[in-house]
1. If we keep just the residues of region 132-152 that are farther than 17 Å from Leu175 by Cβ and crowded, with 23+ Cβ neighbours inside 10 Å, which is farthest from the chain's Cα centre (by Cα)?
2. Which of (1) surrounded by fewer than 15 Cβ atoms within 10 Å (Cβ to Cβ); (2) touching a Phe, Trp or Tyr at 6+ places or on another chain (Cβ under 6 Å) does Asp39 not meet, given it meets every other one?
3. Tally the residues that are within 30 Å of Leu296 (Cα to Cα), surrounded by 19 or more Cβ atoms within 10 Å (Cβ to Cβ) and among the small types (Gly, Ala, Ser), restricting the search to region 51-79.
4. Assess whether Leu11 counts as being closer than 23 Å to Gly223 by Cβ and modelled with pLDDT of 95 or more.
5. Give me a count of the residues in region 1-50 that are part of a helix (DSSP H, G or I) and of a type in the set (D, E, K, R).
6. Out of everything in region 105-164 that is free of Cβ contacts under 8 Å to residues at least 40 places away in the same chain, among the acidic types (Asp, Glu) and in a helix (DSSP H, G or I), what residue ends up being farthest from Ala189 (Cα to Cα)?
7. Of the conditions (1) hydroxyl-bearing (Ser, Thr, Tyr); (2) out of contact with any helix residue (DSSP H, G or I) (no Cβ under 6 Å at 6 or more places or on another chain); (3) more than 17 Å from Ile129 (Cβ to Cβ), Ser85 fails just one. Which one is it?
Amino acid sequence: MRNDVLVEEVLTKCDVLKSAGFWPSEPKIRPRAWLQNFDDVDLGIAAFLLDKFTFYNHNLSDMLLVSSYNSIGDGLSKGPKAPNSGELIQSLNNAILAPISGEIPNPTDSGYLMCRNARQVLDIPEESIVDHKCAIEHASHKGTVVFIDDFVGSGDQFMKTWTRKYGKQNPRSFLDIQRDIGFTAIYIALVSTDVGLDTIHRNAPKVAVCVTHILNQKSALHGVIDGSGLQKNDILKFLVKYSTRLKPKEPYIANNNDYLSLGYHQLGLLFGFEHSIPDATLPIFWSPGINNWEPLVERL
């Protein structure tokens, strides 16, 4: 298909998604401005990637949250050594909710936003939503801790939260407490990669992970290329070429050429939430840049 025809077809699809309310209107998502970043010869690849981009608006994200929470009792295994659904449901009678924080904890981490959404969407009492220090104390009395976040990428954020020491007098981690006396830990997320899920299952096998969508390699860049007629090397060269114009605020992305092209841990994802875009999504979609570069959607 000619590049100009593909571009028009993809832009028409974007317009339909906006008209239907699945995508917000300009300037939240800017497909036309984004396509103007690219040389004419590269518009076919740019349009192809735009066509594969998946966006969850606020309503869809809330639906994912409800689904993930309700999956606690769906009867399916939540981890290699996690409690069964009956035990998990019973444990909610003595549960508090805590956020997942980033590798370097920050008040703007998405886990805190998800705590707020849980209060509004799941009707979780505000007094049951606590910080990590309170959650550690609750776990030390064998109380159930429900961790929450929007996305599991590499699994690093959960493992940092799980193994980080809290407290000054007798610093302890959730890992320490579960190993020493045991407590029920549930992790709710909207979307997870199979890589992140495997990381948690291997390193925290007793944690019950409840997630609605699991992304495998077929959902990432290399998977969508297969069968497309495009050459993998051509797309990788395209990403490298335009990564030189990207200037992300995140130093761990900006200072790693592989991350700059393919996202955190080179996961090469193609999706975002209305409230935030995962750093594992291709930076070409969300990163600010130079020479009048226009992101498709900003990573807030």
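1. Within region 132-152, the match that is farthest from the chain's Cα centre (by Cα) is Ile148.
2. The single condition Asp39 does not satisfy is (2).
3. 2
4. no
5. Residues flagged as part of a helix (DSSP H, G or I) and of a type in the set (D, E, K, R) within region 1-50 amount to 9.
6. The residue in question is Glu137.
7. (2)
The values are calculated or read from the model by the stated rules, or taken from the named source; none is laboratory data. The structure presented is a predicted model; accordingly, all values stated were derived computationally and were not measured. Virtual Cβ from ideal backbone geometry, glycine too; neighbours counted across all protein chains shown.
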